[in-house]
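Asker: Before I ask anything, let me first share the structure, which is written out below as structure tokens.
The values are calculated or read from the model by the stated rules, or taken from the named source; none is laboratory data. On a predicted model such as this, the values are computed, not experimentally measured, just so you know. Cβ atoms come from the backbone with ideal geometry, glycine included; neighbour counts cover every protein chain shown.
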Amino acid sequence: MRGAALLLGAGLLLVAATEPDPKAETSHTVRTGETLGGIANRAEVPRVLIIEANGLKAPYALRAGQKLVIPRRRTYEVKDGDTGFGIAMDQGVPWSTIATASGIDPKAAVKPGQKLTIPTLSKAPTPAAAASPSPSTTAAAIPAELDDTAAPALRWPVEGKVRRGFAAVGGERERHDGIDVLAAKGTAIRAAAAGKVIYAGEGPKEYGLTVILYHGGRWTTTYSYLDKITVKDGDSVNAGERIGLNGQTGLANEPQLHFEIRRNKVPLDPAKYLPKAKPAKVKP
């Protein structure tokens, strides 16, 4: 009997040792009887973040065997000159998601010294057709350490004449981090590649209404001077999907699109990544 008890105790210790730590796991397989609230408490992750990370719908009933992404977090201290726009671009996470995790109003200005929570999920974003889309967020996610991947296959976001090209060097007035493409006001602006919306709203004054898409790895594209935005933070979009309407906001002096490609936050010349052929016409 004593030997059997020792074996049972050893077996329980082995099971306990092999079970993942709820406070560290990045995915969780639902067990019979588990609830969303209980999982959130054990993982020490806000319930709302698990809901958004997995695209769960009310009443948030779970089933045994269901796999959940557990969004882990890192922190960021706001520096002088930071904006929600810039932080979302740098971190590759929708600003609305950062604001939710940090318990602040996404429309409020950030302040130097403010500590923000940056949710990190488990994998790069996938197009809407291949995932369950939900800024607020979807089941897709961004790792704490971004993988360095090849550039996404890009298409022209709008047809038109390039009014101003890319200029990496020069003074504040000569430098230009993207290209400006002329197009009629109200023309559809389309995603240059599949990705996830990490910012959708009013950008810095020179940008005007802006959408930023994250394409996995360290790649983002930026679409500015928009008249209207037709996506929201956290949306997954397919290549060619409409994300807004062309406009004349920010510093634009006529209807045009300001388009940027960035790798690891560094602006690159779109001419090197867009097709050489004339972009195909698309209806607004």
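Asker: Looking at segment 82-105 only, could you name the residues that are out of contact with any Gly (no Cβ under 7 Å at 6 or more places or on another chain) and either part of a loop (DSSP other than H, G, I, E, B) or β-branched (Val, Ile, Thr) (or both)?
Answerer: Matches in segment 82-105: 82, 83, 87, 92, 93, 98, 100, 103, 104, 105.
Asker: Further question: Residues being assigned to a loop (DSSP other than H, G, I, E, B) and out of contact with any strand residue (DSSP E or B) (no Cβ under 8 Å at 6 or more places or on another chain): count how many of those fall in segment 25-47.
Answerer: Total meeting the criteria: 8.
Asker: Quick check on segment 140-156. Is at least one of its residues out of contact with any Leu (no Cβ under 8 Å at 6 or more places or on another chain), of a type in the set (Lys, Arg) and either modelled with pLDDT under 50 or surrounded by fewer than 20 Cβ atoms within 10 Å (Cβ to Cβ) (or both)?
Answerer: no
Asker: Additional query: Tell me the residue from 60, 76 that is hydroxyl-bearing (Ser, Thr, Tyr), assigned by TED's automatic domain parsing to the domain that holds residue 31 and surrounded by fewer than 20 Cβ atoms within 10 Å (Cβ to Cβ), please.
Answerer: 60
Asker: Would you mention how many residues in segment 229-243 are surrounded by 23 or more Cβ atoms within 10 Å (Cβ to Cβ), at negative phi and not acidic (Asp, Glu)?
Answerer: Qualifying residue count, segment 229-243: 3.
Asker: OK, next. Please work out which one of (1) under 30 Å from residue 54 (Cβ atoms); (2) assigned to a loop (DSSP other than H, G, I, E, B); (3) not charged (D, E, K, R) is the condition residue 169 fails and give its number.
Answerer: (1)
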